[in-house]
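A quick write-up on the structure given underneath.
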Amino acid sequence: MIAALIRHAEIGKGKNVLVLFLLLASYFGMLVSGALGLLWAFTATLVLSYATDFYLHRAEPDLIRFLGKLKWGLSIRVLTRELGVLVLLRDTVGDDRDIFTVVFLGFAAVHSLRLLYTFLCMFIKRRRALPVRVRNLDLSALNMPEPPPPIAFKSYERKLLHLDSAVIAGAIASRATHVIGFSVLGGALAVTVAVLGMVILLPTIRQCRRVPSHERTFRILNKQVAKYRPEVVLYFTYAAGARDSAYQVNMWLDTLSRLGRRPLIVLREVTTLRFLAYTSLPVVCLPKADDLSLLELPEVRVILYPANAGKNVHMLRVAEAKHVFIGHGDSDKLASSNRVSKVYDEIWTAGQGGEERYQRLRGTIPGSALVPVGRPQLSAVESVSARPGGRMTTVLYAPTWEGWTADPFHTSLILMGEKLIRMLLNQQEPVRILYKPHPLTGKRSAEATRVHRRIVALLDADNAKRDRTKEGRSSRASQADGDKKLAGLESRMARLKAWTVVGVYGLWHKDRSVLARPPKETWEELQTQWHETFWAAGGGERHQVVTGQLPSLYSCFNEADMLISDISSVVSDFVASEKPYAVSNPSDSDPELFKQLNPAASAAYILGPACEELAVCVDAARSGGRDRLAGHREHLKRYLLGDGDSMVRFNDAVNQLFARGIAEFPAGDTAEPILANPFTQGAAAVPDQLLENTAPMPQLGWIGQQLGPQESMEQYF
C-alpha cells in the first residue's frame with residue numbers, strides 16, 4: 001500500500017523516498033522521545049527534522065506538493081515540532097515547572113506576532129499590487145513605493161514559521177541544564193526578531209498609504225502606450241499551465257521584432273510574463289478582463305492569436321481590428337484545423353498543407369479566410385549537409401504530450417518511448433541521444449511522468465558509463481568547464497532581461513546593482529555564445545535532456561542528424577532541414593493509411609510500437625541526408641511550408657490586413673452603431689419607414705412575464 005502511494009505521488013526516485021522516510025521518522029521520533037523524556041534522542045530527531053525540511057524547500061518541490069496533499073504542510077510540521085517540545089517538558093517538577101510555562105508563553109507570543117507580521121506583509125503586497133505588469137514601458141511616473149528590504153519581506157512565510165526556533169533551542173537548553181534563563185532568552189530573542197522585522201516594514205507601510213489609484217494607473221499606462229503607437233497586437237492567454245505554455249508566445253517574439261509595423265504584446269497571465277523570453281518589444285499583462293477593456297489601442301488594426309483559448313473573446317471585442325489566428329505550430333493534429341477558428345477574420349497557415357486541413361470542416365471556414373504565410377521562425381533551421389567525419393550520429397527524440405483527450409495514441413512516450421531509448425542505447429555503433437519532451441508532458445498522465453523519469457535515468461546511466469572511458473573523462477572535464485561558462489552567460493542574460501522590467505514595481509537592492517550600467521551585449525550575441533558553449537561542452541558524445549528554454553528546439557534540430565517524433569508541429573518544422581525523420585505510429589495502423597491521414601508523415605520512416613524499423617532509421621541518420629526518402633522530403637517541404645522568404649510573406653500579410661483595417665476604420669475612428677437604439681433614444685429617432693416595417697416585440701421570458709398591459713420595455717434597457 002505504501003509503495004502504491006509513493007508511485008501515485010510521483011516521488012519514485014530512491015533519493016526522494018529516503019528524504020520522505022527521514023522526514024516522517026524525525027517527527028515520529030520527536031513525539032516518541034519527548035513522551036519518554038529522552039532529551040538527547042529528541043534533540044537528534046529535532047535536528048534531523050530541520051535538516052530534511054531545509055533540503056525539501058531547496059531541492060524537492062515535488063515532495064513539498066505531496067506533503068501538502070497529505071495535509072502535512074510546513075505549518076502543521078512546525079506545530080508538531082512545538083507539540084513535541086511541550087510533551088518533552090510536561091513532566092518537569094518544582095522549579096523546572098516554570099520552564100514549561102515560559103516555553104508555552106513563548107510559543108503563544110510567537111504565534112501572535114506571526115499573525116500580526118503576516119497581516120502587515122499582506123497589506124504591503126495588496127497595496128503594491130498593480131492591476132497591470134509591463135516590460136519595456138516606463139511606468140516610473142506611478143511612483144510606486146519601494147519594496148521592503150528582502151530580509152524582512154522576501155519569503156516571509158517560511159521565515160515566520162521558523163521564528164520559534166529560538167524558543168525551541170532555549171527550551172532544550174533549559175531542560176538539559178535546569179536553568180530557566182535559556183528559555184527566557186530564547187523567547188525574548190524570538191520576540192525581538194519579530195518586532196525588529198515589523199519595524200523594518202514600517203517605512204514601506206507608510207508609503208503604501210499613497211499608492212496610485214486604478215484610474216491614474218491606466219491613465220499613465222495608456223499615455224506610455226500612446227507614445228509607442230502600436231499597430232499590431234500579439235494576444236496570448238493560456239490559463240491552464242501558463243508556465244509550460246509560454247513557448248507558444250516565445251516562438252513569435254523574434255518574428256514580431258522583425259515586423260515592418262509596431263507590435264505590442266498583450267498577456268493575461270502573470271505566470272506567462274514571468275517565463276516570457278527576452279524581447280525588446282513592449283509587453284502589457286492584464287489579468288482581469290475589465291482592465292483589458294481600459295487599454296486604449298486606437299491605431300491597432302491587426303491582432304494575432306497564437307492559441308485558441310476561452311479568454312480570446314475578451315480581445316475579439318475590438319471591432320476596429322482584424323483578428324488573425326496564427327497558431328503555435330503547423331501539424332496534422334485535429335487542433336490545427338479547429339472549427340473554433342471561424343471567429344477570426346483570417347487564419348494564417350504555413351503552406352498548402354495547412355490550407356487543406358481546413359477542408360475537413362466542409363465549408364465551415366471559407367477559403368478566402370485561409371492565407372499561407374510560411375513559418376518565419378524556421379530561418380534559424382540549417383539545411384541538411386554532409387556529416388563531419390568522426391562525429392557521433394545524433395538522434396533527437398521529441399515526443400509530444402498526452403493531449404486534451406483520452407486518446408492513448410496521442411503520444412509515443414507512454415507506449416514506446418522507453419523501448420525506443422533502450423534500443424538506441426544498444427546499437428552496435430553508439431549514437432548520441434537528444435531527448436526533448438514536450439513542455440506539457442505529464443500534465444494529464446502520471447504514467448507519462450514516470451516514463452519520462454525512467455528515460456532520464458537511462459540516459460544518465462549511459463552517460464556515467466561513457467564517462468569511465470578515456471574519452472569520457474575528457475568529455476566530463478569539458479562538461480564541467482562548460483557548465484561554469486554557461487552559468488556566467490546565463491547571469492549576463494539575466495542582467496540584460498532585468499533591464500526590460502525597470503520602472504514597474506521597484507526592485508530589490510541586489511537587483512539595482514545589476515542595473516547600475518546598461519549592458520553592452522545584445523541578446524542575440526549572448527544566445528549564440530550560450531549555444532556554442534553548450535554543444536561544445538558535451539564533447540559531441542554525451543546524451544542531453546532538454547527541458548528548459550535553452551537550448552532552443554531549432555538549435556537541437558541543427559545538432560541532430562535525425563528526428564524521431566509524433567504527429568505534431570515539431571515534425572513539420574523539422575522538414576525545413578530536409579534531414580531524415582521518423583514518425584511514431586503507436587496505434588500500429590497501416591503505414592500507408594497513416595501517411596494518407598497525416599501528410600506531414602508522408603516522407604517519414606514510420607515506427608510501429610515494436611520499433612522494428614529503428615535500425616533502418618539509424619542507417620538513414622548516418623547517411624547525411626542521402627537516404628531513399630531525400631527527394632520526398634524536398635517536395636514535402638514546399639507543400640507544408642511554401643516557397644519564398646517566410647518573413648517577407650508574413651510581413652506582407654500583416655501590411656495587407658492592416659491596410660484593410662485602416663480603410664474600414666481610419667486611425668482614431670471607432671466602431672459605433674449606425675442607428676440609434678429606440679429603447680434609449682425614443683421612437684422619434686428612428687426613421688418612419690423602419691417603424692412601419694418593424695413587428696411588435698414579443699414578450700418572452702422573465703421580462704415578458706413581468707410587464708403589465710400599460711408598461712413598455714424601455715425601462716429594462
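Where a number appears in this text, it was derived from the coordinates with a stated rule and is not lab data. Computed from a predicted model, the values in this text were never measured in an experiment. No Cβ is skipped: glycine too gets one built from the backbone with ideal geometry, and neighbour counts run over all protein chains shown.
General remarks:
- Here's the list of aspartates and glutamates a cross-link from LYS595 could span, going by alpha-carbon distance under 13 Å and ignoring same-chain residues fewer than 8 apart: ASP332, ASP566.
- Considering only ALA289, PRO306, VAL340, and ranking their Cα positions along the charge dipole of the stretch 229-374 that arises from unit charges at the beta-carbon of Lys, Arg, Asp and Glu, the one farthest toward the positive end is VAL340.
- More than 18 Å apart - percent of Cα-Cα pairs taken over the stretch 228-305: 36
- By the count of neighbouring beta-carbon atoms within 10 Å, fewest first, ASP627, ASP460, ASP345 end up ordered ASP460, ASP345, ASP627.
- Three-way shape label, the stretch 114-207, alpha-carbon gyration tensor, a/c 1.5: prolate
- Ranked list, fewest to most other Cβ atoms within 10 Å of each Cβ, for ILE567, ILE99: ILE99, ILE567
- Only beta bridges with both residues in the stretch 229-374 are counted; by DSSP, about 0 percent of them are antiparallel.
- Spin-label pair GLN428-HIS162: with each label point 7 Å from Cα along the Cα-Cβ axis, the two points sit 5.8 nm from one another.
- Square roots of five times the Cα gyration tensor eigenvalues for the stretch 229-374, Å: 24, 17, 15
- Amide H contacts under 5 Å for ARG432: THR393, THR394, VAL395, restricted to partners 5 or more places along the chain or on a different chain, H placed in the peptide plane at 1.01 Å from N.
- Computed from phi, the 3J(HN,Hα) profile of the stretch 75-91 under the Karplus parametrisation 6.51, -1.76, 1.60 (θ = phi - 60°) reads 4, 5, 5, 5, 5, 5, 4, 5, 4, x, 5, 5, 5, 4, 8, 5, 8 Hz, with x in place of Gly and Pro.
- Loop sites in the stretch 22-104: trypsin sites (Lys or Arg not before Pro), DSSP, at most 16 other Cβ within 10 Å: LYS71, ARG90
- Taking 0.36 nm per residue of separation and subtracting the current Cα-Cα distance, fully stretching the chain between VAL313 and ASP407 would add 31.0 nm.
- Across the stretch 538-547, coupling constants 3J(HN,Hα) worked out from phi with the 6.51/-1.76/1.60 Karplus curve, θ = phi - 60°, read x, x, x, 10, 6, 5, 10, 9, 10, 10 Hz, and Gly and Pro carry x.
- Looking at the stretch 386-456, the trypsin sites (Lys or Arg not before Pro) that sit in a DSSP loop and have at most 13 other Cβ atoms within 10 Å of their own Cβ are ARG391.
- Straight-line reach from LYS322: taking Cα to Cα under 13 Å and skipping same-chain neighbours fewer than 8 places apart, the aspartates and glutamates in range are GLU231, GLU299, ASP345, GLU346, GLU664.
- Segment ASP98-ARG453, length gained on full extension (0.36 nm per residue, minus Cα span): 122.4 nm
- Distance violations [Cα-Cα > 32 Å] among LYS311/LYS485; LYS484/LYS637; LYS69/LYS288; LYS342/LYS637; LYS69/LYS159: LYS311/LYS485; LYS484/LYS637
- Taking amide H positions as modeled 1.01 Å from N, with prolines and chain starts lacking one, the residues under 5 Å from TYR605 and 5 or more places away or on another chain are TYR581, ALA582, VAL583.
- Summarising the amide proton neighbourhood of ASP566: residues at separation of 5 or more, or on other chains, whose placed amide H is nearer than 5 Å comprise THR400, SER584.
- Per-residue Cβ neighbour counts within 10 Å put LYS311, LYS520 in the sequence LYS520, LYS311, beginning with the fewest.
- What the phi angles of the stretch 638-644 give under the Karplus curve with 6.51, -1.76 and 1.60, with θ = phi - 60°, is a coupling list of 5, 5, 7, 10, x, 10, x Hz, glycine and proline written as x.
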